[in-house]
Amino acid sequence: MGFDKFGRKSFTAITKTAKFVDLLGEGKIEGTVCTKCGAKYFPPRSDCSACLSKEMEWFAMPTKGTLETFTTAYYAPFGFEADPPYTMGVVDFNDGLKLFARLSKAIPIADIAVGMNVSIQPLKYDDGQISFEIIKA
Amino acid sequence: MAKDVAVIGVGQSNFVRGYEGSIRELAFEAFREAMQDAGITQKDVGASIFCSAPEYDKQRSPAGVLAEYLGLIPQPTFYIETVCSSSSSGVKVGYSMIKAGLHDVVVVLGFQKMSEITSSESQERMGRGADIQWEAPFGTMMPAYYALYAQAYMAKNGLTHEDMMNVRLKSATYGQVNERAVYRKGIKAADFDPNNKDAKMAGPVAWPIRVGDACANADGSSCIILANAEKAKAFAKKPVWIMGIGGASEAVNMAARPDFAKGLSVGYGAAAEAYKMAGITANDVKVAEVHDCFTIAELMAYEGLGFAKMGEGKELIRAKETYKEGKIPVNVDGGLLSKGHPIGATGGSQMRTIVLQLRDEAGPMQVPGNPDIGLVHNVGGVGLYGSVTIFGR
């Protein structure tokens, strides 16, 4: 799959990290780790800014984290008008890795709180787009 | 204080919705005022720098087009961009060119005509000023990004919606007396009351950011004319000197950001560098312009600049210390919130305000006590680029 399948609407067609979308299709949410210096990245990168290596491997992201912060959008940018309200947030996995994504619509907005335990899962939209989302732990 | 590079002329268009003219004509408004302020002609100008955020108007490579319209050819000209802090970056480059001895006088002109596209298109463009590969696919936009910081501040630092509202009430106080501001109306607490059906500021945009927490999009231009010491003494009755310049950058993706409750790292980084260069501390600053694209952004700026301790910015607005009569007056021209935020013009407009303050020419916005040191804090993107510039008489 191409990277144009990523997210509600992708703005990037070609990237060396397009395998991320294939992995999502297989039910996996993965970042990249540098095989030279061990630096871990999420979102994934195909090049290491720490040691300038281009030799990266995929690794499975942790699944248990806490919600560091979030926001609920009641207004959307051009191209996303059908979606509000939707909530986006940052998960801290407490091991140096964080992740930004939307929260699952299955979580009532009133239940969302900073510090809550959360997990992540891949997500397929009806139009074939593929993404990942934050869910209740 | 080193007196190497001075501001010898400042200009700004009215900040408006739907400017009745093209970007050339918009740029001319600020340029004309700054040239008249400096009392120079185009022959005195060695180079020009144009600053805006791309994709609002259709003109590609605007520098050449605008330089011609302003009568600044055949001198060298080019374009500088760091989204919302573009014109601060332009001034930094202009300062460097003069310091290096390349030119005696440099014109820095910031402009933005935002009204050529709709508000939702504007949100999309601003969202694409962040991480288009990994974040824009979720439907991000500027208010949502700043809301992530506001939410963390509310959860961890005891920030309240009332604190955020009070920042806006302050801005509106001064927007009313600034003839150049796009939002001239007063705002009262009832306008933020969710139980009041006529409350125009209460509606959620990206919770916890409400309509009233967001700055006003505007069309506008600003112009700063810089000169070396020799020309400054020859041309300017009241030169205002650049004492310090600081800059910083931060990871674009929210997943790579440090603790959200600690604010924008670029504010701290740019301030530290600028204070060091100027040889002053936060206590020496008598008047400041900070990047209040959202109310939370002003509160974070108080902390990054050292006007308040980390997490305690709210105390300053609670005590009204950032009003004109307070300990450290901030955004007494209405700020981005009420004066307006024509992206590429914003930094230059902030600098104009500070220069007028130091020249004791700020009219109804003048801070009492003849301020001698002023500061401009200008942020590009969601704390992606930070710029702090310190001015002295």
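Short-range pairs are left out: with C-alpha atoms under 8 Å and at least six residues apart, the relative contact order of chain B is 26 percent. Sorted on the mean count of surrounding Cβ atoms within 10 Å across their residues, most packed first, peptides A:64-76, A:118-130, B:212-224 read B:212-224, A:64-76, A:118-130. The Rg/Rh ratio of chain B, with both radii computed over alpha carbons and Rh defined as the Kirkwood radius, is 0.95. Partners of residue B:185 within straight-line reach, counting aspartates and glutamates whose Cα lies under 14 Å from its Cα and excluding those fewer than 8 residues away in the same chain: B:333.
Quick one: of A:124/B:197; A:54/B:276; A:9/A:40; B:58/B:231; B:200/B:314, which pairs are farther than 29 Å apart, Cα to Cα? Show your work: numbers first, answer last.
Working: A:124/B:197 39 Å; A:54/B:276 38 Å; A:9/A:40 26 Å; B:58/B:231 36 Å; B:200/B:314 23 Å.
Violating the 29 Å limit, Cα to Cα: A:124/B:197; A:54/B:276; B:58/B:231.
According to the Cα-based calculation, Rg over Rh for the protein assembly as shown is 0.98, with Rh computed by the Kirkwood formula.
Would you mind getting me the FRET efficiency between residue A:36 and residue A:105? Use the beta-carbon distance for r and R0 = 56 Å, nearest 0.05.
Between residue A:36 and residue A:105 the formula returns 0.85.
The slack in the chain from residue B:370 to residue B:59, taken as 0.36 nm per residue of separation less the alpha-carbon distance, amounts to 107.7 nm. Extents of the range A:3-136, taken as max minus min of Cα coordinates on every principal axis and listed largest first, are 44, 32, 25 Å.
Can you list which of the trypsin sites (Lys or Arg not before Pro) found in the range B:288-323 are DSSP loop residues with at most 10 other C-beta atoms within 10 Å? Working shown, then result.
Numbers: sites: B:309, B:314, B:318, B:320; in loops: B:309, B:320.
In loop regions of the range B:288-323 (DSSP not H, G, I, E or B), the sparsely surrounded trypsin sites (Lys or Arg not before Pro) are B:309.
With a ≥ b ≥ c taken as the square roots of the eigenvalues of the C-alpha gyration tensor of the range B:81-134, please select rounded if a/c is under 1.5 and otherwise prolate if a/b is larger than b/c or oblate if it is not? Since a/c reaches 1.5 but b/c is at least a/b, the shape of the range B:81-134 is classed as oblate. Summary of the geometry: the range A:30-105 and the range B:12-42, compared by the centres of their Cα atoms, lie 43 Å apart. With contacts taken as Cα pairs under 8 Å at a separation of at least 6 residues, the range A:3-136 carries a relative contact order of 24 percent.
So what's the net charge close to residue B:71: Lys and Arg +1, Asp and Glu -1, counting the other residues with Cβ under 11 Å from its Cβ?
+1
Can you give the translational diffusion coefficient of the range B:1-99 in µm²/s, computed by Stokes-Einstein from the Kirkwood radius over Cα pairs at 10 °C and 1.306 mPa s? The Stokes-Einstein estimate is 110 µm²/s.
Amide H contacts for residue B:308 (H built 1.01 Å from N in the peptide plane; partners 5 or more residues away or on another chain; cut-off under 5 Å): B:303. Model label points for residue B:230 and residue B:198, set 7 angstrom from Cα along the Cα-to-Cβ axis, are 6.4 nm apart.
No lab work stands behind these numbers, since they all come straight from the coordinates. Keep in mind the model is a prediction, meaning the values are calculated, not measured. Virtual Cβ from ideal backbone geometry, glycine too; neighbours counted across all protein chains shown.
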